[in-house]
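What follows is a short report on a single structure.
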Amino acid sequence: MNNVPFEMIIEDLNCGREIEFAYHGKKYSITNSEGYWNFCCDTDGIIIERLCPFNDKTKLIERVSNLNVEGVLLSTIFDKAKYDAQSLCIL
């Protein structure tokens, strides 16, 4: 998959799609589980943050826009193509 800007990630999440990606050798995801959106580190097998109920897309976009990995905003990771492009999966 080609580099995907953060705005496209936001659009996909707003449609209910889930995102998986890798950054600095770790796998991360934004997924729906048991009616909630969660930001997870799949490598470590942990939920980093429970974001919001599945149907609250406004809150989801607000929360995702402020998420960071290792102090780097997701918007920067995607807009500057700092993620592993081969790892990106939009479900």
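Solvent-accessible area per residue in the chain equals 56 Å², computed with a 1.4 angstrom probe and all protein chains kept.
Extension gain, D56 to N14: 0.36 nm times the residue separation minus the Cα-Cα distance gives 14.2 nm. Surface composition of the chain: carbon and sulfur atoms hold 46% of the protein heavy-atom accessible area at a 1.4 Å probe.
Considering only S33, S75, S65, the mean-square fluctuation computed in a Gaussian network model of the chain, springs between alpha carbons under 10 angstrom, is largest for S33. I want to verify a result. In a Gaussian network model of the chain, Cα cutoff 10 Å, which of these has the top mean-square fluctuation: G45, G25, G71? Comparing G45, G25, G71 in a Gaussian network model of the chain, the most mobile one is G71. Backbone geometry of region 45-56 corresponds, through the Karplus equation with coefficients 6.51, -1.76 and 1.60 at θ = phi - 60°, to 3J(HN,Hα) couplings of x, 10, 8, 6, 7, 7, 8, 4, x, 3, 7, 8 Hz, x marking Gly and Pro.
Summarising the overall dimensions of the chain from its C-alpha atoms, the Rg and Dmax are 11.8, 32 angstrom.
Highest mobility in the GNM of the chain, judged by mean-square fluctuation with C-alpha springs under 10 Å and restricted to I47, I30, I19, is found for I47. For region 1-90, the list of trypsin sites (Lys or Arg not before Pro) that fall in a loop by DSSP and count at most 16 other C-beta atoms within 10 angstrom reads R17, K80, K82.
For chymotrypsin sites (Phe, Trp or Tyr not before Pro), no site in the chain is both called loop by DSSP and has at most 11 other Cβ atoms within 10 Å.
Per residue of the chain, the DSSP helices (runs of n ≥ 4 H) give a summed -39500 (n - 2.57) that works out to -7000 deg cm²/dmol at 222 nm.
The values are calculated or read from the model by the stated rules, or taken from the named source; none is laboratory data. Remember, it's a predicted structure, so these values are computed and weren't measured experimentally. Positions of Cβ are backbone-derived with ideal geometry, glycine not excepted, and every protein chain shown enters the neighbour counts. To get the accessible areas, we keep the full protein, side chains included, count just its heavy atoms, and leave off ligands, DNA and RNA. Shrake-Rupley method; radii C 1.70, N 1.55, O 1.52, S 1.80 Å.
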